[in-house]
Amino acid sequence: MQQIINLVIKYKTTLLYLLLLLISLGFTIQSHSYHHSKFFNSANWISGGIFSMSTSVSSYFDLNEENKSLLEENERLRRLLLNTPTPNELSIDTTAINYTIQTARAIKNAYAGPRNYITIDKGKKQGVTQDMGVITSLGILGIVENTSNNYATVQSILNTRSSINAKLKNTAHFGSLKWNEKQYNVVQLEEIPRLVNLKIGDTIVTGGSSSIFPENIPIGVIQKFDLTTTKNFYNIDIKLFNDMTNIKNVYIISNINQEEIRELEEATKNEQ
Amino acid sequence: MNNNYYFINTIRFVLLALIQVLVFNKLNFFGFINPMVYILFLYWYPIKENRAAFIGVSFFLGFVVDFFSDTMALNAAATGTIAYLRPAIMRFVFGVNYEFQSFRLSNTTKAQQITFLALLVIVHHMIFFSLEIFSFANLLLILKKIVATTGATLLLCLLFGSLFSVNKE
């Protein structure tokens, strides 16, 4: 017994190091599963507070640019509105609304690592919950992963764990959107069968079969495609519409029917 | 004297962590290079301190940086490792005389200081990027990131080192 204690005392630094290493590896490996840690993410009040403080200063430097992009978006939406044949009275049937939308500001953005997260300044108190979709005025951005009271982390599409349903615009051919961590402005679309007729420059939008994003949200254009080694599916590189290095104002989309869809899918899965 | 040590190191800890997460994590040179200047904390940390405390503090510093950058415990693992290996690295670089009471980092040659810092940075980055990417299929990507980021970190650390050099008493 004495010897064991002596041994522990002799190697206490090594043991301490090994313990700490084990803890950190535990966290890291656990984070390779779909949802990473609930507790250790930047959506907490300390880091969220510091990031939003720094953003509130740095956001002044590009107010001009930001204004311009918002004006452009408004212009596009106005054009759509004016050119759509409207019924005599503009009434919105609240029972027919499927999606609600709210704005937020990105306070932290990352795109250099293999698993990138964006932190936004809206959280539980504002009704943001896990698995809501996040977009910008240009296109898709990611999915809400963790929330705290006032902040939320968004799993960016530039994340090796991200997988989003996407399709060719105006067709029903859909596949899943992944990222191979090589370039921050190019993502990959998988599982498009070879019989589909592709052209470089074709637009890719979100597909309708996910309960997170509505259909037809722009993602990007085809930059390059070739067949996989099995020759059954295409490997498609997509150039994103979004400039992932410059994320300021974002929109959070929540599907009102998400829970119902989720429950139904769960029930179906359980029956099988 | 002793109080002063704690004070200086606490300030260093906070400032380096803040500079890391607010400035250098947003740099993204060429889209992927984010220098990790917080390693300077381990370079500057007093030599004759309790080793266990040093490893604990370094691990915690890495953890704080992880907290802000959503990288789980990658920085913590890498920083803890170089904290553990630091005496071995110092013995390798400075020879046995670093154990003497009169040894000071500022009394060593420039080449020795740079080698010491470079070894810390290289070991840190090797562990960090291997764990971050975690696949041998991307060995080339790991190597590219290690080489590029090591260069950037080393350059910035040397610049910072000469800006805020430990006062020669």
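The values are calculated or read from the model by the stated rules, or taken from the named source; none is laboratory data. Keep in mind it's a predicted model, so treat the numbers as computed, not measured. Note that we place each Cβ from the backbone using ideal geometry, even for glycine, and neighbour counts take in every protein chain shown. Ligands, DNA and RNA are excluded from the accessible area calculation, which covers all protein heavy atoms including side chains. Shrake-Rupley method; radii C 1.70, N 1.55, O 1.52, S 1.80 Å.
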Selected residue (only one of A:LYS248, A:LYS178 is in contact with an Asp or Glu (Cβ under 7 Å, 6 or more places away or on another chain), free of Cβ contacts under 8 Å to residues at least 60 places away in the same chain and open to solvent by 20 Å² or more (accessible area, probe 1.4 Å))
A:LYS178
Conditions (1) assigned to a loop (DSSP other than H, G, I, E, B); (2) modelled with pLDDT under 85: number failed by A:LEU138:
(2)
It is to be established whether one or more residues within the range A:220-229 are without any contact (Cβ under 8 Å) to a residue 40 or more places away in the chain, within 27 Å of A:ALA104 (Cβ to Cβ) and part of a strand (DSSP E or B).
yes
Could you list all residues from the range B:64-92 that are without any contact (Cβ under 8 Å) to a residue 24 or more places away in the chain and either buried (at least 24 other Cβ atoms within 10 Å of the Cβ) or over 28 Å from A:PHE51 (Cα atoms) (or both)?
B:ASP66, B:ASP70, B:MET72, B:ALA73, B:ALA76, B:ALA88, B:ARG91
Conditions (1) among the hydroxyl-bearing types (Ser, Thr, Tyr); (2) surrounded by 19 or more Cβ atoms within 10 Å (Cβ to Cβ); (3) assigned to a helix (DSSP H, G or I); number of the one not met by B:THR10:
(2)
Which is of a type in the set (A, V, I, L, M, F, W, C) and at the interface with chain A (Cβ under 10 Å from one of its Cβ atoms), of B:LEU40, B:LEU61, B:LEU18?
B:LEU18
Taking the range B:78-115, which residues are closer than 18 Å to B:GLY161 by Cα and among the small types (Gly, Ala, Ser)?
B:SER106, B:ALA111
Only one of these conditions is not met by A:SER209: (1) part of a loop (DSSP other than H, G, I, E, B); (2) among the hydroxyl-bearing types (Ser, Thr, Tyr); (3) open to solvent by less than 30 Å² (accessible area, probe 1.4 Å). Which number is it?
(3)
For the range A:179-195, check the following and say yes or no: at least one residue is over 16 Å from the mean Cα position of the chain (by Cα), among the β-branched types (Val, Ile, Thr) and assigned to a strand (DSSP E or B).
yes
Restricting the search to the range B:101-113, which residues are among the aliphatic types (A, V, I, L, M) and open to solvent by less than 60 Å² (accessible area, probe 1.4 Å)?
B:LEU105
